[in-house]
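What follows is a set of notes on a single structure, which appears directly below.
The values are calculated or read from the model by the stated rules, or taken from the named source; none is laboratory data. Just so you know, these numbers come straight off a predicted model, no measurement behind them. Here the Cβ is made from the backbone with ideal geometry for all residues, glycine too, and neighbour counts use every protein chain on show.
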């Protein structure tokens, strides 16, 4: 078998005791499922704060129940990561060998209306996890699901070309997307982006200062069929849901030509597997679908229609969201250089098909 293949790496990964925060969410639940099926011992932390943030549409209890019913090697803890003493006690008792920190408040708009909750979950909650890990599991690889919003709206300063249905980079320097050396300073991040940037820097610092194996995965649009998408968070999931229900999707500014790169949660889990097998200290990776898995909102409408057979209804709001990106595509070259053999395996058309099928199985509502 060729060196560096994904199959080789997961076969080489000995059974691990893994702790996953946000285990009912899109990435957390994918990580639980992926590694539970490979024989690891999974422990999940999730207090369903997403339902508090987004209402019934964001509820993830259905996914928590599904995981508990399916995997005997999964244990669930309804713990709040803002509770420092409880987090410390949990890690002291478990002493996990791997930590995947995917819990977050993920919405720009909600952060502005609930800034204390946003910062306490994203920044303080991450610090609670890091410090508990340093005390009780300092050797454990610590994977943090960060966000491309740490770059604020600085990507909007890149020269752009307006095409028929999307914006694209006019500057050839960015033909492969945005790399990890792009500035995170002197730009409008949104309150959400700022709290995630604070956490991102702390994860890096614990890697460098305390010599812990940490990494920040600065995600583009992470997506998949198990996403409880809502208007304030979950681009493709929510868009497909609106189409299936015959609703009206609101497009906020930029002529609907704003571009996102989309990565299936399975490919995120595959990269996490590679990092666990070959961890590094204080690393950052821009993790998205790259150019090949990018689409504008207008293009997403067309792909959704091709899957569902239903015409997309939408209305245009002539104001973009604060700190929103006009065009964002992740440069995946650093990841591929550090972890040869990893690549995107789920193409965009398959992602749309899976999301539509996922909503149909769940009856569109939870």
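Could you go through the range 53-68 and let me know if any residue there is touching a strand residue (DSSP E or B) at 6+ places or on another chain (Cβ under 8 Å), without any contact (Cβ under 8 Å) to a residue 40 or more places away in the chain and surrounded by fewer than 22 Cβ atoms within 10 Å (Cβ to Cβ).
Yes; the residues of the range 53-68 include at least one that is touching a strand residue (DSSP E or B) at 6+ places or on another chain (Cβ under 8 Å), without any contact (Cβ under 8 Å) to a residue 40 or more places away in the chain and surrounded by fewer than 22 Cβ atoms within 10 Å (Cβ to Cβ).
Does residue 192 meet the test of being in contact (Cβ under 8 Å) with a residue 60 or more places away in the chain and under 18 Å from residue 258 (Cβ atoms)?
Yes: the conditions hold for residue 192.
Are there any pairs, at least 6 apart or on different chains, whose C-beta atoms fall under 7 Å, with the first in the range 217-236 and on the phi > 0 side of the Ramachandran plot and surrounded by 24 or more Cβ atoms within 10 Å (Cβ to Cβ) and the second assigned to a strand (DSSP E or B) and at pLDDT 90 or above, and if so, which?
Matching pairs, first to second residue: 224/264.
Out of 132, 197, which single residue is in contact (Cβ under 8 Å) with a residue 40 or more places away in the chain, crowded, with 18+ Cβ neighbours inside 10 Å and closer than 25 Å to residue 93 by Cα?
132
Of 168, 261, which residue is crowded, with 17+ Cβ neighbours inside 10 Å, in contact with a helix residue (DSSP H, G or I) (Cβ under 8 Å, 6 or more places away or on another chain), under 30 Å from residue 310 (Cα atoms) and modelled with pLDDT of 95 or more?
Details: 168 fails: in contact with a helix residue (DSSP H, G or I) (Cβ under 8 Å, 6 or more places away or on another chain).
Going through 168, 261 in turn, just one is crowded, with 17+ Cβ neighbours inside 10 Å, in contact with a helix residue (DSSP H, G or I) (Cβ under 8 Å, 6 or more places away or on another chain), under 30 Å from residue 310 (Cα atoms) and modelled with pLDDT of 95 or more: 261.
Applying the selection to the range 89-109, what residues are buried (at least 17 other Cβ atoms within 10 Å of the Cβ) and either free of Cβ contacts under 8 Å to residues at least 24 places away in the same chain or more than 17 Å from the chain's Cα centre (by Cα) (or both)? Talk me through it step by step, then tell me what you get.
Of the range 89-109, the ones buried (at least 17 other Cβ atoms within 10 Å of the Cβ) are 90-91, 94, 96-108.
Scanning the range 89-109 gives 90, 91, 94, 96, 97, 98.
Among the residues in the range 274-285, are any in contact with a helix residue (DSSP H, G or I) (Cβ under 9 Å, 6 or more places away or on another chain) and under 24 Å from residue 161 (Cβ atoms)?
no
Please determine whether any residue of the range 213-235 is in a helix (DSSP H, G or I) and under 24 Å from residue 267 (Cα atoms).
Checked the range 213-235: at least one residue is in a helix (DSSP H, G or I) and under 24 Å from residue 267 (Cα atoms).
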